[in-house]
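Since the structure comes first, as structure tokens, the remarks are kept for the end.
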Amino acid sequence: MSSLVTSGVGDSMALALAEARAAGARGEVPVGALLLDAQGHVLAQAGNQVEADADPTAHAEMLVIRAAARRLGTPRLEGCSLVVTLEPCAMCAQAIALARVRRLVFGAYDPKGGGVEHGARVFERATCHHRPEVIGGVRASEAGALMRAFFQERR
């Protein structure tokens, strides 16, 4: 799992989208994430596992943060980048801040449940002690289409 993502954000998001598609195929909300070290090596990658784990906190972001922290042996992921297909919710945004992730890259915006650019806007709060660099909207149409298709199938 220590592959190198060489071309940057686009390649990283491609891996995250693959995780999202796999999560959707398992019946999970199709969100995928990966965590990269400062050199661009993949430390962890995952898709949502909320249903499989019967755990409301088993969001893709939480899973990769936990796995990378274990792998590195530290709760601080300074210098690392988190790439996720959907704008993180408030819970995940707070975990990103607590882990001191350097950069957050996300795909689709989430006006209803997002906690970064929408809703709680966690990083803008005075009580938030760390604000990562945020790059939103990367391959947003593709990530959004995955979400829409998933929920349309269930209606």
Suppose we filter the range 85-129 for residues that are open to solvent by 40 Å² or more (accessible area, probe 1.4 Å) and in contact (Cβ under 8 Å) with a residue 60 or more places away in the chain; how many remain?
1
Verdict on His130 being touching a Lys or Arg at 6+ places or on another chain (Cβ under 6 Å), over 14 Å from Arg21 (Cα atoms) and not acidic (Asp, Glu):
yes
Per the filter on the range 33-83, residues under 21 Å from Leu15 (Cα atoms), open to solvent by 50 Å² or more (accessible area, probe 1.4 Å) and assigned to a loop (DSSP other than H, G, I, E, B) are Ala38, Gln39, Gln49
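The values are calculated or read from the model by the stated rules, or taken from the named source; none is laboratory data. From a predicted model like this one, the values you see are computed outputs, not experimental measurements. Positions of Cβ are generated from backbone atoms using ideal geometry, with glycine treated the same way; all protein chains shown enter the neighbour counts. Note: areas computed on protein heavy atoms with side chains; ligands, DNA, RNA excluded. Shrake-Rupley method; radii C 1.70, N 1.55, O 1.52, S 1.80 Å.
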